[in-house]
Amino acid sequence: MWKRIWNQTKDLIFKGDHSRLYQIVFMLLVVIFVLQALFPIYWLFISSIKPISELYDRDQALIPGSVNFSGYMNIWTFMDFSKNLLNSFIISGFATIIILFIGSLAGYVLGRTKIKGKTAIMVLILALSMFPQVSFLLPLFEAFSRYQLLDTHIAMILPDSAYLLPVGVLALRAFYSQIPQDLERAARVNGCTRLGALWRVIIPLSMPGFVSVGLMMFTLVYNEFFFANLFSMTKASQPAPVAVLRFELGYYQPWDLVTAASIVCMIPILLVMILAHKQVLKGLMMRGAV
Amino acid sequence: MEIKLEGITKKYGKVIAVEDFNLGVEDGELVVFLGPSGCGKSTTLYCIAGLEHPDQGKVSIGKKDVTLLPPKDRNVAMVLQSIALFPHLSIEENISFGLRMRKQCSKDEIFRRVRKVASLLQIESLVLRMPHELSGGQQQRATIARALVQDPAVFLMDEPFANLDARLKLTCQTELRRLNQKLGMTIIHVTHDQGEAMSIADRIVVMNEGRIEQIGTPMEVYFKPKNRLVAGFIGSPPMNIFDDCKFTVKEGRAVVTIGEDLEIPLPLRLTQKIQESGLNSITIAIRPEDVHLVESGRKPSEEYIGSLKMTIEVIEDFGREIEVYFDKNGKKLTGLFPPSEEFQVGNEVCVTFKEKNLYLFDSDTDEILL
């Protein structure tokens, strides 16, 4: 069976070209690359299912001696991790909605209208997103503490959506500009306003792009650490990644819980990836139909 | 409904797309804007539709000034150059799109009107399909249905047949003419195809570089072109045009010299015109169908003038007619003949022209000499 898989892959990748030595070296490099990318995740995973005694042992084994899922139970009971996950979803969800809403309008104006100085506006917006996050820290902290927004979801939703908006606008603009001008004109001579045409024709047709941008933004906000780490203090607003870092029981860090929570953190993103993959395929198929 | 355009000017940056465009279209008239690509036809149409606002000038539909109204408030329907059916909606949803947007009639009413228009255009069996499942011609008819169903006061068509194959195009042209006569709606049609314009128009507006060159019925622009451009644009195969011809006066008659040794003696009528204009050189133009053959040595009859010895270069048979390309020292001439005549490539023949249909243009201004 392995021989058959090897032969099929070989045909697919090399298409009969190259010498046998080249093929072997190539495959070897691929395997090394994949291993070095996946090993940390593997290490995290086995650490999360090791019994405590093995986890803190001086000699670490690549394959755990026995399996213990207590970490996955304890994060919910001891750490109330579901509250952190919920925070993460609230922050990522709202930030994504804000980005898509403003981005869809801004992308339309910058991508499909003839406005003087469009490029200048575009460059300015992009430049804003290139500043390091830390440069916004002091003013934001001041503002949030004055209006008592620190340690609320808003303290992360607002800066995250503002910081990622330019990328969203740029991506949506690119998707919009692929929709033929005549379709928009057709909508307008058929009784739509410009906004109506955007809502009923342009957005439905750029749906694959819209969803991809949405999923990408969701992931970026979900993984955002800098603002979250500084503006959230307690369970009231702490998203999952920050919570994992701050896990503590008494004076020690419970590594069994940290590793288990880290793995749980990955699951939503994995789901997003699977969704995105489907959406990209769907987008390709629609392109063919149009 | 009648349309009035007064002094329409539209610029894109420094490029002038349309300049000082004046036109009145009567109720029920089918007007065709004709001109080469990029001459401002579509821009003018967009100004009527409301997709663009003119920089200067006034657009009225009916008695109402609509210059600044958005398209949805103008009671116009438009068929766009690319077919532009909404790919995410079925044909039925496409056709009913405008009615649903305007929210003027009930669901039953919409259903009834969509069926009626679909049967008029013979696509009623296709209404539940998606646009990409239809052939080019069917898609074209669906877009026309989408515009027709709104019962517009004005119907605008921007090169709607450009993507169709030759045969389908002819069918669609006849169909459009029939619709115009049957429903009596005002239609403005844009095309760069002079044959299409000639075949369907009540009046043709010939445009070039954002300006109107001539407005007239198909017969007028064909037989009375105002200038060299219109003469060259209308008719297929195109007119034979010889620029900057010198002429001399012999025995009271002007003799025009084409190239070095091709001489055409003009009749008194035209001689007078030239003398009145006081020009040194003129442009002479002859339609291919006005080129005839004479047996060498024989004098052509009264209504024909000139007798040039030319060599047959290429022959194209079309069945109903034969197109013959003549040559003499690099000067080319095209003639159109009935299929009965026999031609042989390489033969030298004597050609003559019908005097009545000879056109003379001022070489400097390109205007016709009247």
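Each reported figure results from applying straightforward, stated rules to the coordinates on display, with no laboratory input. Everything numeric in this text was worked out from a predicted model, so none of it was measured. All Cβ positions, even for glycine, are placed from backbone atoms using ideal geometry, and neighbour counts span all protein chains on display.
Calculated FRET efficiency, B:D244 and A:Q253, Cβ-Cβ r, R0 60 Å, to nearest 0.05?
That gives a FRET efficiency of 0.05.
Multiply the residue gap between A:N68 and A:W199 by 0.36 nm, knock off their C-alpha separation, and tell me the result in nm, one decimal place.
Between A:N68 and A:W199, full extension yields an extra 42.0 nm.
So, R0 is 45 Å and r is the distance between the beta-carbons of B:Q272 and B:D151; what FRET efficiency does that work out to, to 0.05?
0.20
Could you size up the charge dipole of the protein assembly as shown around its Cα centre, putting +1 on the beta carbon of Lys and Arg and -1 on that of Asp and Glu, and report it in debye to the nearest 20?
Its charge dipole is roughly 2160 debye.
Per-residue Cβ counts within 10 Å, from other chains only, averaged over B:87-93: what number is that?
3
Just name one of A:Y42, A:N68, A:I52: the one whose Cα is farthest towards the positive end of the charge dipole of the range A:10-73 (beta-carbon charges, Lys/Arg +1, Asp/Glu -1).
So the residue we want is A:Y42.
Could you give the distance between the Cα centres of the range A:63-94 and the range A:1-56, to the whole Å?
Answer, in whole Å: 29.
Per-residue mean of other chain beta-carbon atoms within 10 angstrom of the beta-carbon, peptide B:47-56?
1
Which residues in the range A:136-172 have a backbone N closer than 16 Å to a point placed 7 Å from the Cα of A:L126 along the Cα-to-Cβ line?
Of the residues in the range A:136-172, A:164-172 have backbone N under 16 Å from the label point off A:L126.
Could you work out how far the C-alpha centroid of the range B:226-267 sits from that of the range A:204-232, in angstrom?
Here the two parts' Cα centres lie 73 Å apart.
In nm, give the distance between the simple-model label positions of A:Y22 and B:E251, each being 7 Å from the Cα along the Cα-to-Cβ direction.
It works out to 8.6 nm between the two label points.
For the range B:137-293, give the magnitude of the charge dipole about the Cα centre (Cβ charges: +1 Lys/Arg, -1 Asp/Glu; no others), in debye to the nearest 20.
500 debye
Relative to a virtual label point 7 Å from the Cα of A:K83 in the Cα→beta-carbon direction, which members of the range A:210-241 show backbone nitrogen distances below 19 Å?
Within reach of a label on A:K83, which here means backbone N under 19 Å from a point 7 Å along Cα→Cβ, the range A:210-241 contributes A:228-241.
For Cα pairs less than 8 Å apart in space and 6+ apart in sequence, what is the mean separation divided by the residue count of chain B, i.e. the relative contact order in percent? Spell out each step's value before the answer.
Numbers: 742 pairs, mean separation 55.1, N = 370.
Relative contact order here is 15 percent.
With r defined as the distance between the Cβ atoms of B:R177 and B:F223 and R0 fixed at 30 Å, what FRET efficiency is calculated, to the nearest 0.05?
Values: r = 21 Å, r/R0 = 0.70.
The pair B:R177/B:F223 has a calculated efficiency of 0.90.
I'd like the distance between the alpha-carbon centres of the range B:137-195 and the range B:57-108, rounded to an integer number of Å.
Their Cα centres are 15 Å away from one another.
Measuring from label point to label point, each 7 Å out along Cα→Cβ, what is the A:R246 to A:K118 span in nm?
4.5 nm
Which value in nm describes the separation of the simple spin-label points at A:I102 and B:K103, placed 7 Å from the Cα toward the beta carbon?
So the label points at A:I102 and B:K103 sit 3.0 nm apart.
How far is helix B:91-102 tilted, in degrees, relative to the longest principal axis of the Cα atoms in chain B, given as a value from 0 to 90 rounded to the nearest 10?
70 degrees
What is the mean number of Cβ atoms from other protein chains located within 10 Å of the Cβ atom of each residue in peptide A:195-206, rounded to a whole number?
2
Only Cα pairs under 8 Å and at least 6 apart count here; give the relative contact order of chain A as a rounded whole percent.
Numbers: 257 pairs, mean separation 80.4, N = 290.
Result for chain A is 28 percent.
Can you give the charge dipole size of the range B:240-362 about its Cα centre, rounded to the nearest 20 debye, using +1 on the beta carbon of Lys and Arg and -1 on the beta carbon of Asp and Glu?
480 debye
At a threshold of 8 angstrom on Cα-Cα distance, excluding pairs fewer than six apart, so keeping six or more, what relative contact order does the range B:218-370 reach in percent?
Value for the range B:218-370: 27 percent.
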